[in-house]
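The structure under discussion appears below in the form of C-alpha cells.
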Amino acid sequence: MRPKLHVRRGDTVEVVTGNARGQRGRVLRSIPEKGRVVVEGVNLVWKHMRRSREHPRGGRIQIEAPMHASNVMLL
C-alpha cells in the first residue's frame, strides 16, 4: 500500500519551517514513497552540469530540490 500525502501536484502550499519559511509556491511533484514534495521556486540548489549535447557549455543550473512534506502547509 502506498503512503498518502496531504498535498498533491498542482496544490498551492506555504513553507512553515526551515530556511524558506513563509515562501509560497505550487507543488510540481510529489514523492509519496519518501514523503517529499518539490515546490516551485523553493529550496533551490545548484546542479553542476557536464558538457553534453543538451548542455553544450556545461556550467551550473539551479533546480528545485525535494523537501519533506511535513514542512509545507496547504493553502
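The table below lists the values:
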{"quantity": "Subset tally (residues that are under 15 Å from H68 (Cβ atoms) and without any contact (Cβ under 8 Å) to a residue 12 or more places away in the chain) for region 20-49", "calculated": "1"}
{"quantity": "Search result, residues across region 1-22 that are part of a loop (DSSP other than H, G, I, E, B) and either crowded, with 16+ Cβ neighbours inside 10 Å or among the hydroxyl-bearing types (S, T, Y) (or both)", "calculated": "L5, V7, D11, T17, A20"}
{"quantity": "Enumeration of residues in region 55-73 that are part of a loop (DSSP other than H, G, I, E, B) and over 10 Å from the mean Cα position of the chain (by Cα)", "calculated": "H55, P56, R57, G58"}
{"quantity": "Selected residue (criterion: nearest to V7 (Cα to Cα)) from residues of region 26-54 that are assigned to a loop (DSSP other than H, G, I, E, B) and of a type in the set (S, T, N, Q)", "calculated": "N43"}
{"quantity": "Enumeration of residues in region 1-58 that are touching a strand residue (DSSP E or B) at 6+ places or on another chain (Cβ under 8 Å) and among the β-branched types (V, I, T)", "calculated": "V7, T12, V13, V15, V16, V27, I31, V37, V38, V39, V42, V45"}
{"quantity": "Hits in region 15-33 - residues which are under 11 Å from L74 (Cα atoms) and within 12 Å of the chain's Cα centre (by Cα)", "calculated": "V15, R24, G25, R26, V27"}
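Coordinate-derived values only; no laboratory data. Everything numeric in this text was worked out from a predicted model, so none of it was measured. Cβ sites come from the backbone with ideal geometry, for glycine too, and all protein chains shown count toward neighbours.
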